[in-house]
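For reference, the structure discussed in these notes is given below.
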Amino acid sequence: MKKKIFGIGLILLTIGLLILDGQYYREKNNFEGNSKPESISALSQSLTSSDEDILVLRSKIEKKTRVLISEAELSIPTFEMMKNKTTEEVHHTPKEIIESSRKLGALAEHLAGNPTLIPESLPFYASCALKKDALNPIRALCTYRLLRYKKNWTEKTRDDFSKIPKTILALAKEIEGTE
Amino acid sequence: MKSRLLEVTLILNFFSMSISHAIEYHSALPANQKTSFIYDLNYLKNSKFQQDVYAEETSTLYGITGDVSGLTLLQWLNERSKFIVPETWDFDNAIVDSWPQSYANLYPTATQSINSIQLKDGEPKTVMINVGAAFYIHGKMQKLALKIKLDEDKEKVVNSPRIGIIQVGEGLFYEGFRITKRIQNTPANAISRLSVLFHESRHSDGNGSSLSFKHSSCPPRHAYQGKPACDKNRNGPYTTEKTAMKLMVRSCVECTEAEKEILRADILDSADRVILTYDILPNTSETRMLKYEVALCDLEGKTTAECSALKIKMDQLIESEGEKIVTKNLNTDPEKF
């Protein structure tokens, strides 16, 4: 009897926590203006419908990953963009860096919810880290991501990583420990 | 025993409140800006940091003895940023009195507008300026003591760069610069704004050649090449800013991964401006002449192409024959008369 009550209690607690969790994400995403959170594992678990539905959703999330990567890629600021800036404009972090890191942040958050898609992002992060005309802080941020996703590396990533200049690697070290 | 504990708690609370309220605000500071300031300072005050290698790095840089906490960092800020004035504050007519004054140490050769930011296309204006340090340098250059009017019934003699008058503008709160865009007061936005305050506060330090920790020109091949947006030392405003930000980002449990990524880019941008080594030209008659030619190029009526060619020649010479200088910490003790 005691076990039964404990079991029911546990189920009710789990349901309660799931409701609260859902509410939290709904509110957070509403204020950030995002669409509802998408994570392959969460969606797969919550679905009771057919495998086909899951595949459709999976492809939707994969498409979103590609969109986020492409947006991040397009946002990378270059040295050229800083040439005509005034002293005042570069005194604090220029808005091009803030906007680019906003895109990189959206991608990082999406990947945190969908870790199976991390391998898909590695070629982008490597090309960003190696992009010679890109600003150092953004190259270092991409390098930091590569280091965080080290367990997903392929031979190609390893090879790309070895080509990242020492100055960028040293800069990326500055944000170690900010996880 | 209980009442004794209560008494101690009340005393401690009063002590921490008085610290957070040590910064004063001008009567015309917009209410939303004041609210954000109070939010940010309270956020800092309540921050808890792990006492690890990062905290150690911070205590060394900030000269904090003992544990690094929200309170000790707040105390550090309070010693350097004491009065917040709005963007509308009449900078030009602020001096109400002056008299001859002798100053110790070197005399600065030029003033610079310390840390303002003006944006284009109707975007806001000032972010933050350490006007107190700028007034001190101005007085020192003229060998005058300055008395300035801060508010209706408030006047102060600028007797040290630590006078701590900080001007803030809409730029600090501008949505485009925020970490969390739609809400002004969030932990991530507080971290971003506080980091600017830490940066400006460092400008209240220094004496002689280190006075106010003025920025240096960024070196060749830097994104901000030639602009005074770098530090040729290891404890200047950009180091101060990145170190505080790193500590706060590490302890921010409310920040999302996306918000942290933007703050990380901010840390990296500051770190990228700290010059660790630089090359100088060997001191020969040929190099002295070249330096002269580069410096006076515009005045001598040469074309832009000719001037850039000279500049490139000098950069190449620095690269091939330059002597490497390793930067170091500067003296942070403030001047006072």
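Return yes or no: is B:E259 within 11 Å of the chain's Cα centre (by Cα), buried (at least 24 other Cβ atoms within 10 Å of the Cβ) and of a type outside the set (F, W, Y)? When the stated conditions are applied, B:E259 does not pass them.
Residue-by-condition table, conditions (1) within 9 Å of another protein chain (Cβ to nearest Cβ); (2) touching a Pro at 6+ places or on another chain (Cβ under 6 Å); (3) in a helix (DSSP H, G or I):
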residue	(1), (2), (3)
B:S212	no, yes, yes
B:P220	no, no, no
B:K227	yes, no, no
B:L247	no, no, yes
B:E254	no, yes, no
B:E261	yes, no, yes
B:S270	yes, no, yes
B:R288	no, no, yes
B:E293	no, no, yes
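Look at (1) over 25 Å from A:N136 (Cα atoms); (2) at pLDDT below 85 and you find that B:I318 fails only one, number (1). Given the condition hydroxyl-bearing (S, T, Y) and surrounded by 15 or more Cβ atoms within 10 Å (Cβ to Cβ), answer yes or no: does some residue in the range A:160-169 qualify? No - not one qualifying residue is present in the range A:160-169.
Tallying residues that are touching a Pro at 6+ places or on another chain (Cβ under 6 Å) and part of a loop (DSSP other than H, G, I, E, B) within the range B:175-202 yields 0. Here B:T35 fulfils each of the conditions (1) surrounded by fewer than 17 Cβ atoms within 10 Å (Cβ to Cβ); (2) part of a loop (DSSP other than H, G, I, E, B); (3) touching a residue at least 40 places away in the same chain (Cβ under 8 Å) apart from (2). Filtering the range A:85-99 to residues that are under 19 Å from A:R145 (Cβ atoms) and within 7 Å of chain B (Cβ to nearest Cβ) leaves A:T93, A:I97, A:I98. Regarding A:A106, is this residue in contact with a strand residue (DSSP E or B) (Cβ under 9 Å, 6 or more places away or on another chain), surrounded by fewer than 24 Cβ atoms within 10 Å (Cβ to Cβ) and at pLDDT 95 or above? So A:A106 does not fit the description; no. Return yes when B:N283 is part of a loop (DSSP other than H, G, I, E, B), polar (S, T, N, Q), crowded, with 24+ Cβ neighbours inside 10 Å and away from every other protein chain (no Cβ under 14 Å) and no when it is not. Judged against the criteria, B:N283 is not a match. Inside the range A:105-126, residues that are facing another protein chain (nearest Cβ under 8 Å) and closer than 20 Å to A:I164 by Cβ make up a count of 1. In the set B:A271, B:A305, B:A295, only one residue is closer than 30 Å to B:Y136 by Cβ and either of a type in the set (V, I, T) or exposed (fewer than 13 other Cβ atoms within 10 Å of the Cβ) (or both); that residue is B:A295.
Mind listing just one residue for me: the one in the range A:74-96 that is at pLDDT 95 or above and in a loop (DSSP other than H, G, I, E, B) and, of those, farthest from the chain's Cα centre (by Cα)? Going through the qualifying residues, I end up with A:P77. Considering the range B:229-245 alone, what residues qualify as being among the basic types (K, R) and facing chain A (nearest Cβ under 10 Å)? The answer is B:K242, and nothing else.
The values are calculated or read from the model by the stated rules, or taken from the named source; none is laboratory data. What you see is a predicted model; the values in this text were computed from it and never measured. No Cβ is skipped: glycine too gets one built from the backbone with ideal geometry, and neighbour counts run over all protein chains shown.
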